[in-house]
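Before any comments, here is the structure.
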Amino acid sequence: MSPLLAQDPTLADFGRDPWWLVLGKIVFAFAFGLLATLLGVWFERRVVGYMQVRPGPNQVGPFGLLQTLADGLKMAFKEDILPKAADKVVYFFAPTISVICAVTALSVVPFGPMVSIFGHHTPLQVTDVPVAVLLLLACSSMGVYGIVLGGWASGSTYPLLGGLRSSAQMISYEVAMGLSIVAVFMTAGTMSTSGIVAAQGDGTQLTIFGQPIPAPGWYAILLLPSFIIFFIATVGETNRAPFDLPEAESELVAGFMTEYSSLKFALFMLSEYVAMVTMSAVTTTLFLGGWRAPWPITIWEGANSGWWPMLWFFGKVIALVFVFVWLRGTLPRLRYDQFMRLGWKVLLPINLVWILVLSGLRSIEDWDTRGKVIAVGIPAGILLIATIFWPSRKPEPTPTTQEQVDNRPHGSFPLPPMDLQVPPSPRITRVVAEREPANIVAGSDSREV
């Protein structure tokens, strides 16, 4: 096998392909997003059906594989209803914005290494730029416009509320997502997606007390807090359960897509699944080594050469999609205040502290062992002492029932008897007295009345 087939692509390898090869890559990326969506809907329904001890789709095609295609055709032939108060232009283009942004993000995702296609050595990636990850964040940020504009252009109350709720949700979790990628930039030293995959190719050497210790190369292990925060943020960003609050059917009918029907409704559903597959691919690229084979497959010398890496990449994407489905089948939906509190008061502070700690560790890499022990030991000791001696908040004593009654403001509603014994109604006493016989003693004679 040619050594070119086993090498990592660099930025210099892009921009040299003929037009037909570039067009073929674009068609492949689009077909991957579309086919993964069709199979993803079937996969989700089958997995959730298995979790709920029911068969799931199994009638149309082998194993029900054509059920999603049948649903798409059914939506295409349904009547397209346009609300009277809708803004026709924005109402029409809103679903397409969400789909285009989700598919565009796949253009900078590497599917494999350098391969040979009809004699041309080319990377299995549409394109790459020095700030490719920022392009991913931009596509994710633009996707919110489709949802917000779709809710606003419908001219109805429930879609408007769903669009506003979605804008607050996606903006909140984009902050946590962006900060979690900062650790990847710092470790890899590049924002290029192909460069980040290449940086995870070799195992990391950690030096502890002067001794080199081999460590895994995947950033999901080295940067575990960033990986967990990033994945939680992607679930919130894609509006998937338990964070599917913009489509909360128990509160907002169907959220921002309430007034949509036919193919426009299908496009919104398509954009959700494309975004789920795209974010799984991005997570694989940034944290799971991209197209590189996991251990112990790496023992095989040709595991990361030729077309085999596409198999490892698709396997990782399917595993992450399964986690999305798993979360939907097991977790209940969060309340909106709980969801926003998680993003702003939990994920954001943890992210900032983790970046600060990682920056400090990277800044002392060139120090000697004694300096590293002092730099790490003193803050750790201070933190431990502060944790031990931090004053605990004593719970306030629960007031008694009588104290609660005495502290009620003037003009409150009347209270029932505190002993929960309600006196009998005078009417009931009168009725009982009329029904009971009375013995009247008059002199020596007595008779029952």
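The values are calculated or read from the model by the stated rules, or taken from the named source; none is laboratory data. These numbers were taken from a predicted model, which means no experiment stands behind them. FYI the Cβ positions are ideal-geometry reconstructions off the backbone, even for glycines, and counts take in every protein chain you see. The area values use the complete protein model at the heavy-atom level, side chains included, leaving out ligands, DNA and RNA. Shrake-Rupley method; radii C 1.70, N 1.55, O 1.52, S 1.80 Å.
At-a-glance table
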| item | result |
| --- | --- |
| Under the span-like rule (Cα at least 24 Å along the axis, Kyte-Doolittle mean at least 0.0), DSSP H helices of the chain | 19-51, 88-104, 132-153, 157-188, 262-287, 308-330, 369-389 |
| Projected area, mean over directions - the range 329-392, Cα convex hull, nm² | 7.5 |
| Nearest-10 value in Å² for the accessible area of Lys88, using the 1.4 Å probe | 120 |
| Top of Val323, Val89, Val109 by mean-square fluctuation, Gaussian network on the chain, Cα under 10 Å | Val89 |
| Choice from Leu135, Leu23, Leu347 showing the highest fluctuation, given a GNM over the chain with Cα pairs closer than 10 Å | Leu23 |
| Positive-pole candidate from Pro414, Ser172, Met75, dipole of the chain, charges at beta carbon | Met75 |
| Summed residue charge, Cβ within 15 Å of Trp308's Cβ, Lys/Arg positive, Asp/Glu negative | 0 |
| Extent along principal axes [Cα atoms of the chain; Å; largest to smallest] | 131, 71, 42 |
| Surrounding net charge for Thr284, when Lys and Arg each add one and Asp and Glu each subtract one, Cβ distance under 13 Å | +2 |
| Pairwise Cα inverse-distance average, inverted: Kirkwood Rh of the range 258-300 (Å) | 12.7 |
| Probe 1.4 Å, all protein chains present, accessible-area order of Glu272, Glu396, largest first | Glu396, Glu272 |
| Furthest towards positive pole of dipole, Leu21, Ala85, Val108, structure part the range 1-109, Cβ charges | Ala85 |
| Computed helical MRE - 222 nm, the chain, DSSP H runs ≥ 4 contributing -39500 (n - 2.57), nearest 500 | -18500 deg cm²/dmol |
| Among Ile196, Ile181, Ile382: highest mean-square fluctuation, GNM of the chain, C-alpha pairs under 10 Å | Ile382 |
| Principal axis box of the range 1-86, alpha-carbon based, largest edge first, Å | 50, 44, 22 |
| Point-charge dipole on Cβ atoms (K/R +1, D/E -1) for the chain, about Cα centre, debye to 20 | 160 |
| Peptide ranges 283-292, 354-363, 30-39 listed from the most packed, as the mean C-beta count within 10 angstrom indicates | 283-292, 30-39, 354-363 |
